[in-house]
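Everything below concerns the one structure shown next.
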Amino acid sequence: MKFFIDTANIDEIKEAHSMGMVDGVTTNPSLIAKEGRDFEDIITEICQIVDGPISAEVISTDTEGMIKEARHLAKIHDNIVVKIPMILDGLKATRRLAEEGIKTNVTLAFSPLQALMAAKAGATYISPFIGRLDDLSQEGLLLVEQIVEIYSNYAFDTEIIVASIRNPLHVLESALMGADIATIPFSVLGKLAAHPMTDKGLKAFLDDWEKTKK
Ligand code: G3P
């Protein structure tokens, strides 16, 4: 499973990258806004740090506007993936961008049929938002399972980026289902690595080592 980091924060990206945990980066307008810096400056800097797919989202909601923004964003770096909202105009834009060879990440997907449509339109990636479904008492991971099955049934090339991840179980279950990618917030990445028995065992080893010096 590939790990992307779901942040626009440069320090978090550098830290996770130094652990070998960053195969790519996803951003969205909310994550960019949190940084209080110029959008393109942030995306350019991320591209200099990480050699992998970097998602940058369009703001337009009409096809022509999305395509114009996508062409502009794609010029920033070869690794740019343009995030397109899962609306009908977005599907049209996705199809046209696929023909131009511009990679897309169809975002804000909340149903398996949306994911099927995105794949048919030629999306490079689909982003099901599982935490936001859980927030509505709907099972986000069930959506991942359904998309994995549909894409496998029809051998679509579109890769699944499990997004809106809130906890380690979201990553574990997605990996067991065979989702291609998890885009993980920095805070959750730390939780994946943590185990109290590791800390307890390490402390015991170090305490015993100290005794050898007496
Ligand atoms: O980047 C898209 C997605 O991961 C957002 O997550 O936590 O805002 O639902 P969240």
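What follows draws every value from the coordinates through simple rules; no lab data is involved. It should be emphasised that the depicted structure is a prediction, and the values quoted were computed from it without experimental measurement. Every residue, glycine among them, receives a Cβ derived from its backbone with ideal geometry; neighbour counts consider all protein chains shown.
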Taking amide H positions as placed in the peptide plane 1.01 Å from N, state which residues far from Val162 in sequence (5 or more) or on other chains have amide H under 5 Å from it.
Ile181, Ala182, Thr183
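What FRET efficiency do you get for Ala98 and Ser18 if R0 is 41 Å and r is their Cβ-Cβ distance, rounded to the nearest 0.05? Walk me through the numbers before you get to the answer.
Details: r = 34 Å, r/R0 = 0.84.
It comes to 0.75.
For Leu176 and Leu113 in one chain, what is 0.36 nm times their gap in residues minus the Cα-Cα distance, to one decimal in nm? Spell out each step's value before the answer.
On the way: separation 63, 0.36 × 63 = 22.68 nm, distance 2.19 nm.
Additional length available on full extension: 20.5 nm.
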At 0.36 nm per residue, minus the direct Cα-Cα distance, what do Lys214 and Gln138 gain on full extension? Give it in nm, one decimal, please.
21.5 nm
Note down the net charge around Leu97, summing +1 for each Lys or Arg and -1 for each Asp or Glu among other residues with Cβ under 10 Å from its Cβ.
+3
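Could you pull out the pairs from Lys14/Lys103; Lys14/Lys213; Lys2/Lys191; Lys2/Lys92; Lys34/Lys203; Lys14/Lys203 whose alpha carbons sit more than 26 Å apart here? Working shown, then result.
On the way: Lys14/Lys103 24 Å; Lys14/Lys213 38 Å; Lys2/Lys191 17 Å; Lys2/Lys92 28 Å; Lys34/Lys203 38 Å; Lys14/Lys203 28 Å.
From Lys14/Lys103; Lys14/Lys213; Lys2/Lys191; Lys2/Lys92; Lys34/Lys203; Lys14/Lys203, over 26 Å: Lys14/Lys213; Lys2/Lys92; Lys34/Lys203; Lys14/Lys203.
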In a Gaussian network model of the chain with springs linking alpha carbons closer than 10 Å, the residue among Gln138, Gln146, Gln48 that fluctuates most is Gln48
By the gyration tensor of its Cα atoms, with a ≥ b ≥ c the square roots of the eigenvalues, what is the shape of the range 1-103: rounded for a/c under 1.5, prolate for a/b over b/c, or oblate?
prolate
Amide H proximity to Ile84 below 5 Å, modelled H, separation 5+ or other chain, gives Asn105, Val106, Thr107
With x for Gly and Pro, the residue-by-residue ³J(HN,Hα) of the range 98-115, computed from phi through the Karplus equation 6.51 cos²θ - 1.76 cosθ + 1.60 at θ = phi - 60° and given in whole Hz, is 4, 5, 8, x, 8, 6, 10, 10, 7, 10, 6, 8, 10, 9, x, 6, 4, 5
Karplus couplings for the range 125-137 from phi (6.51 cos²θ - 1.76 cosθ + 1.60, θ = phi - 60°), rounded to Hz, Gly and Pro as x?
9, 10, 10, x, 9, 7, x, 5, 6, 4, 4, 9, 6
The relative contact order of the chain, taking Cα pairs under 8 Å that sit 6 or more residues apart, comes to a percentage of 17 percent
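Rounded, prolate or oblate: which fits the range 14-167, taking a ≥ b ≥ c as square roots of the Cα gyration tensor eigenvalues, rounded meaning a/c under 1.5, else prolate when a/b beats b/c? Intermediate values should be presented prior to the final figure.
On the way: a/c = 1.56, a/b = 1.18, b/c = 1.32.
Since a/c reaches 1.5 but b/c is at least a/b, the shape of the range 14-167 is classed as oblate.
If we count every other residue with Cβ under 12 angstrom of Ala182's Cβ, Lys/Arg +1 and Asp/Glu -1, where does the sum land?
Numbers: positive: Lys2, Arg166; negative: Asp6, Asp23, Glu159, Glu173, Asp180.
Net local charge, Ala182 excluded: -3.
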Out of residues 5 or more away from Ser55 or on other chains, whose amide H comes under 5 Å of its own, with H placed 1.01 Å from N in the peptide plane?
Val25, Thr26, Thr27, Val81
Distance (nanometres) between label positions extended 7 Å along Cα→Cβ at His72 and Gln48:
2.2 nm
Between Asn153 and Lys203, take the C-beta separation as r, use R0 = 45 Å, and let me know the FRET efficiency to the nearest 0.05.
0.35
Protection proxy ranking, peptides 24-32, 149-157, average beta carbon neighbours within 10 Å, highest first
24-32, 149-157
